[in-house]
Structures are given as C-alpha cells and as structure tokens.
Amino acid sequence: MIRLALASLLLMLFAASSTRTEEAKALRGVALVIGQSDYDTLPDLPNPGNDARAIGKLLTDLGFDVVPVTDADTQKLRRALDRFSEDAAEADVALVYYSGHGIEAAGENYLVPVDGDLQDPGQALVPLSGILAELQQSAKIAIVLLDACRSNPFPPGARIRTASAPQGVAIGAQGLGVVRGVTSAEDGPVNESLGQVLGFAAEPGEPALDGVAGGNSPYAAALLKHLAANRGYDFGQVMTLVAEEVYLSTQARQRPWTNGSLRRFLNFGLNPEETQGDEALIRDTRRKLLVTIAATPQDLRRTVEMLAAEKKVPLAGMYDVLRALGQSDFPKDPEKIDRLLSEQAEKIATMMAERRALDAADPEITRLAMLADRAIDEGALPAARTFLDQAKTRIEHGRATVETQRGRLKAKDAADAALMARSAETFVRDFDHLAAAGDFAKAYSYVRESDAAMAFAYKSSEADALSNHGDYKGDNDALKRSMDAYREAQLLAPRERIPLDWAAAQNKLGNAFLILGSRESGTEKLEQAVAAYRQALEERTRERLPFQWAMTQNNLGSALFRLGERENGTAKLQEAVVAFRGSLQERTRERVPLQWAATQTSLGNALVRLGERESGTAKLEEAVAAYREALQERSRERLPLDWATTQHGLGLTLRILGERRRDRRLLQSGREAIAGAWEEYKRSGYDYDKYFQERIAQFDAALAQLK
C-alpha cells in the first residue's frame with residue numbers, strides 16, 4: 001500500500017500526566033472498513049454495505065488511508081486482516097470498522113464471513129481475540145469498532161467445534177460477549193503501543209439494531225454524527241457521545257459498550273466539521289446534552305425511560321428536562337420530582353401532537369422556526385431558544401409598521417402569536433416559566449381582538465406558566481397572578497357558551513388555590529379550592545369527560561384532605577376518601593398505572609388520618625391495603641423514590657395499627673418499611689436522618705412496651 005504523511009489527520013498524543021501544552025503531532029492513520037451484507041446461506045443484512053461506505057468516506061475525509069472490504073468470504077476476510085496487521089505496523093493509528101454478523105460462543109467472539117456455513121458454523125468464523133492480539137503487537141494505537149452484535153443468525157442448537165472443544169460449544173442467542181483481552185498499554189507487550197480501544201454497537205450479550213433498510217444502523221449513524229468531533233472532546237469522550245446518541249435514537253433499546261486503554265490523549269484534530277452556523281449550533285448543543293446524559297444516575301435513567309415510553313415522547317426531550325432543571329432547581333421532594341417529570345412529559349406529548357408548520361409572511365421567520373423545531377427534536381433547547389429569539393427580534397421590528405397594514409393584520413397577528421407561543425412552549429420545556437408567561441401574554445395581546453378561541457388558549461397558557469412558576473419556585477405572588485389570568489380566560493369562554501373550556505380553567509384555578517392554601521395557615525384558600533373543583537365538576541361530568549372528571553375528583557380529594565387535616569372531626573376526611581375512590585373508578589390501573597398508584601397513596605393518607613381520629617382499626621386496615629395496592633406499581637426497581645414515599649406512609653400506619661392491636665408482628669413490619677424508605681432516601685442523596693431516627697425510636701419504644 002502507498003502511504004502518505006497525512007496533513008489532514010491530526011492526532012494529539014499527550015502523556016497521561018501532561019498539562020496538554022505539548023505540540024500536537026501529525027500522524028499517519030490506516031483503516032480497514034468491512035461491510036458484510038450479502039451472505040450465502042445466512043440471513044442477509046440490508047445496511048452493512050451502506051454503513052461501510054459512509055464510514056469509509058468519513059475516515060478518508062479525516063485523513064486515514066482506507067481499505068474497503070465488502071462481502072468478504074473466509075479467505076478474503078482473513079487475507080484482508082493479515083495485510084492490515086502488516087500495514088498497522090507502519091502507521092501511528094490503525095482502525096478497524098466491521099459491520100455484519102457477529103456471534104459469541106464459550107467466551108470467544110467471532111466475525112462471520114459471507115460464506116458462513118449453516119451446517120458447520122465454526123468452519124469459516126474469524127475469532128476476534130486473534131485480531132486484537134495481532135493489532136496489539138503491531139499498532140501503536142489500535143481502534144476496533146464492531147457493529148456486529150445482531151442476533152444469532154445460525155439455527156437453534158447450532159454449535160461450534162474447535163480444537164479445544166471438538167464436541168462443540170453453544171452459540172450465544174444474541175450479541176457479543178465481554179472482551180477481557182484489551183489490556184492496559186503499560187501491561188501489554190514491550191513495544192511502542194499506546195493502547196487499544198474496542199467498541200461494540202451494543203452492550204455485551206445484547207443485540208444491536210440494523211436500522212431501516214437502505215439507511216444506516218444506529219451505531220453507524222452515531223459514528224457518522226460524532227466521530228469527527230474535535231472541539232474539546234478526546235476519543236474516549238467521542239465514544240461516550242456515540243453511546244448516548246444510540247441510546248437516544250433507539251429509545252433506550254440499545255446502548256453501545258466501549259473498553260479502552262489509551263495512555264495518551266487522542267483527538268482527531270483537523271476534520272471536515274463545520275464549526276460555525278446554525279447546524280453547528282444544533283450539533284454542539286446536542287453533544288452537551290449527551291455528556292449530561294452520560295452522568296445521569298441509573299435510578300433516574302429508569303424513571304425517565306419509563307415516562308418516555310408511557311407518554312410516547314422522545315428520550316431526548318425528557319433528558320433535556322433534566323438538563324434544564326440543573327442541580328440548583330432540582331426538587332428535593334420525590335413526589336414533586338415524579339409529578340414534575342410526568343407533567344413535562346405530558347407537555348412534550350401535547351406539543352408534538354399540536355405542532356404545525358409555521359407559515360409566516362417573512363420567510364426568514366419560517367426558516368428560524370423550522371430550525372427551532374429541529375433543535376427541539378434533537379433535545380437542544382438552548383439552540384432552539386437562540387433561533388426563536390432571532391425570529392422574535394424580526395417580529396418586533398416588523399410590527400412597527402402593523403398599523404399601516406390593517407387589511408393583513410389578522411393573518412399577521414395569528415402568525416406572530418403562534419411564534420410567540422412556540423417560544424413560550426420552549427421556555428416551558430426549559431423550566432423558565434416566568435419567561436414563558438411573558439411570551440404567552442404577548443401572544444394573547446396579538447389575537448385578543450381578532451380570535452377569541454386562540455386568545456382563550458394563550459391566556460390559559462399564560463396562567464398555567466404563572467401557576468407552575470409559583471409552584472416550583474415558591475412564588476406566591478405568581479400564584480395570585482395566575483388566578484387573575486384564569487379568571488380572564490373564563491371571560492373569553494363563558495360557562496353558558498363554552499362550558500367545558502370554562503370548567504378546564506376552573507379546575508386549574510382550583511389547583512392554584514390548593515397550592516397557595518397548602519402554604520398559608522388557615523382554611524380560606526383551601527375552601528376556595530374545594531368550591532372551584534365542585535363547580536368544575538358540574539360541567540366535567542363522568543358521562544361527558546370521564547378521565548377529566550376523575551382528575552378533578554382527585555384534585556378535590558387532595559383539597560378536602562388538606563382541609564380535614566386542619567379541621568377537627570372527620571367530615572372533610574371522609575369526603576376526601578369518597579373523592580379519591582371516585583377518581584379510581586376511571587383512573588384504573590389498566591389505563592394509567594402510575595396515576596392510579598398515586599391516587600391509591602393519597603387514599604391511604606386520607607384513611608390513616610381518619611383511622612387516627614376514629615376508634616377501632618377498620619380505616620387503618622383500609623389504609624394499609626391502599627398503600628400495598630400502590631406498591632404493586634410503585635416498585636423499588638421502577639420508581640425508587642415514589643416507592644419510598646408510599647413505604648413511609650405504610651410504615652407509619654402499621655405502627656398505629658400495631659400499637660392498637662398490641663401486635664409485635666405489625667410493629668416489626670412497620671419498622672422494616674420505615675427503614676427501607678430511609679435507606680432509599682439516603683441512597684438518593686436526601687438527608688432525612690433526624691426525622692427517620694425519631695420514627696425508628698418510636699417503633700423501638702412501642703416494641704419495648706410489648707415485651
């Protein structure tokens with residue numbers, strides 16, 4: 001092979017302890033790119049050929065000498081690998097990309113040539129360990145990327161016969177196995193090796209997707225998107241970007257795995273990426289999100305994945321919610337975390353369902369709106385905000401001449417209001433509810449005289465944003481402003497003409513009263529919340545809108561429960577129990593399991609308060625049953641913090657019940673429930689030690705009295 005000193009391949013190699021002030025060194029890179037699509041007897045794969053061509057072009061653009069190999073049989077594949085090992089000895093960086101069938105058997109991974117035999121699987125296979133060993137001996141830096149983790153293509157029961165196992169060993173059902181042969185460069189052969197990197201398209205033992213026929217696999221698409229990254233990313237970080245990109249694009253069904261041992265900082269320096277402009281802004285913002293995802297704790301990942309699946313929204317949008325919250329604004333209350341994430345998932349789903357193409361008179365505004373939509377889909381809300389800010393600036397400039405264009409005012413008002421609403425919705429997803437309220441107010445002002453229906457929608461959205469800001473930020477003034485906004489919205493949708501819209505605003509008005517009443521002493525605001533919910537239910541009947549009826553019933557139960565806690569007697573608590581049980585008639589476990597579990601927990605809370613004030617144990621036993629029902633969906637594995645909240649309620653109820661019955665078994669069960677909740681809170685970083693120490697002491701005292 002003829003090889004040149006490649007000016008466009010710049011690899012920066014620094015000692016691990018270096019401050020990275022050494023001069024970058026221009027190096028030589030060689031790449032072997034293999035695509036196996038057309039198999040003789042095994043199932044064909046539609047995309048490896050496409051993947052190999054696209055990856056080969058990218059590596060060429062990055063300065064590698066690329067050797068393409070397509071649909072190689074055993075002889076051709078082994079010959080290409082042998083020659084490449086020789087080439088690697090004369091280069092600084094050797095990279096192998098393989099797309100095709102790959103299997104695992106007895107701890108060894110194999111590449112499958114196109115003449116792989118259905119009857120004798122082991123005859124043509126190429127073991128990965130040999131490839132790695134040869135490259136480790138010859139290459140200074142060896143990178144092997146395997147898009148070969150697809151399901152086992154051989155018939156069930158097929159076995160591989162080897163010299164050490166002539167009777168044959170079973171083939172893994174799917175995916176490749178963990179490779180333990182990638183050793184630290186310091187522990188490897190005594191040569192000039194600077195280490196190896198081995199990347200799988202999926203985690204060991206898991207299958208990788210081939211992608212839509214005629215396109216690229218998710219792994220290849222992610223490599224094409226991020227392999228050229230050079231703005232502050234070393235090669236290990238690039239592989240992190242690739243892993244999280246695949247994770248997002250497959251909605252958590254696939255996540256690549258990388259095992260590396262580089263002892264130098266490696267960066268593909270000069271590359272074909274654009275570093276300025278709209279596309280670069282979206283791309284770079286997306287990469288920041290991927291880095292954030294990589295640091296997300298596994299418990300929180302599971303919650304986000306479950307909500308994204310339940311609400312049918314993109315994972316990228318849910319993780320952008322976490323990014324927007326940040327450390328400082330992240331709620332401490334696990335119930336609020338669950339509610340907040342669930343609400344945001346609902347908002348994302350609604351935006352996706354209602355988003356329409358913007359047809360503005362100004363083509364530049366249309367272009368910026370389209371870019372914002374793309375950025376939102378990529379989970380790049382900061383970039384979307386930039387584009388929408390640019391569009392809003394153009395709108396504000398253009399409105400200076402509106403008064404001279406009355407004939408076209410209505411259409412322009414509608415388009416301008418839609419853009420303002422788009423910006424506001426983006427602020428909502430970025431947790432800047434106060435800014436969202438301002439933009440919704442502007443949208444409302446544009447259409448209030450020309451379109452009553454849209455004016456109602458924008459005023460209601462302004463009120464929602466103010467209410468959310470007041471809730472999450474503890475801003476009571478914002479809550480009061482939201483109440484005024486809901487009342488304004490109701491003037492646009494009078495009860496006698498548009499009863500269901502009026503009732504929707506009335507329900508949300510009740511929510512604002514409930515939040516404010518929960519913070520203030522006294523009962524005035526809570527009583528106003530109860531009145532608002534009951535008025536809403538006069539229009540939101542079970543026959544008309546069963547699910548909305550159930551939601552308002554649940555809200556009514558919460559307000560009555562708060563009132564019952566503050567008042568003597570049991571009347572309000574009994575009404576709360578009735579409201580919660582009514583809600584459960586439509587919020588069933590089959591339809592909405594998480595909301596069902598939340599209402600079951602609320603029902604348990606109301607029942608235990610009743611049980612404390614009444615003689616006997618009937619209500620306490622009903623509370624225990626409600627909590628245990630909720631725990632069927634609020635499992636520790638799926639929703640650890642919600643599980644802990646319900647366990648806490650269950651534990652306290654069992655203590656009261658155990659004391660009344662003088663039953664050590666119930667007391668011990670309650671103590672275990674409280675201890676489990678305490679352990680989960682501590683594991684999630686919440687410092688409630690003093691509170692739980694007091695609760696445990698109460699259990700120990702009660703148990704001591706029964707000795």
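The values are calculated or read from the model by the stated rules, or taken from the named source; none is laboratory data. Note that the structure is predicted; figures quoted are calculated from it, not measured. Counting neighbours? That spans all protein chains shown, and the Cβs are built from the backbone with ideal geometry, glycine included. Just the protein is used for accessible areas: all its heavy atoms, side chains included, with ligands, DNA and RNA removed. Shrake-Rupley method; radii C 1.70, N 1.55, O 1.52, S 1.80 Å.
Suppose R0 equals 41 Å. What FRET efficiency, 1/(1 + (r/R0)^6) with r the Cβ-Cβ distance, do T541 and S635 give to the nearest 0.05?
0.75
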HN-Hα J in Hz across the range 626-641 - Karplus 6.51, -1.76, 1.60, θ = phi - 60°, x for Gly and Pro: 5, 4, 5, 4, 4, 5, 5, 9, 7, 6, 5, 6, 7, 9, x, 6
Residue-span extension gain [R534 to K288] - 0.36 nm each, minus C-alpha spacing: 83.9 nm
Paramagnetic reach from A571 in the range 606-621 [backbone N under 18 Å; point 7 Å along Cα→Cβ]: 610, 613-614
Centre separation in Å (Cα based) which lies between the range 640-707 and the range 525-583: 30
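Hey, any idea what the orientation-averaged projected area of the convex hull of the range 55-115's Cα atoms comes to, in nm²?
It is 4.9 nm².
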FRET efficiency, 1/(1 + (r/R0)^6) with R0 22 Å, evaluated for L434 and D484 via beta carbons: 0.90
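Classify the range 404-551: rounded, prolate or oblate, from the alpha-carbon gyration tensor (a ≥ b ≥ c, eigenvalue square roots; a/c under 1.5 rounded; otherwise prolate if a/b is larger than b/c)?
oblate
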Ratio of the Cα radius of gyration of the range 505-662 to 2.2 N^0.38 Å, where N counts its residues: 1.03
Counted charge near Y97, where neighbours are those whose Cβ lies closer than 10 Å (Asp, Glu -1; Lys, Arg +1): -2
Under the Karplus curve 6.51 cos²θ - 1.76 cosθ + 1.60, θ = phi - 60°, whole-Hz ³J(HN,Hα) for the range 454-462, x wherever Gly or Pro sits: 5, 4, 4, 4, 6, 5, 4, 5, 4
FRET efficiency, 1/(1 + (r/R0)^6) with R0 41 Å, evaluated for A361 and R339 via beta carbons: 0.50
Convex hull per residue volume in Å³, alpha carbons only, for the range 536-590: 71
Out-of-range pairs (alpha-carbon distance over 22 Å; input K225/K288; K459/K480; K392/K480): K392/K480
Separation of the Q251 and A353 label points, Cα + 7 Å toward Cβ, nm: 1.6
Order by protection proxy (mean Cβ within 10 Å, highest first), peptides 126-139, 550-563: 550-563, 126-139
Accessible area of the range 549-707 divided out per residue, in Å², using a probe of 1.4 angstrom: 44
Carbon plus sulfur fraction of accessible area for the range 490-635, probe 1.4 Å, in percent: 46
Difference of contour (0.36 nm per residue) and Cα-Cα distance, T60 to R497: 150.6 nm
Net length gained if the chain between A280 and K707 were fully extended (0.36 nm per residue, minus Cα distance): 146.6 nm
Tail fraction, Cα-Cα pairs, the range 601-707, threshold 16 Å, whole percent: 55
Listed pairs K473/K508; K572/K619; K410/K508 exceeding 22 Å between Cα atoms: K410/K508
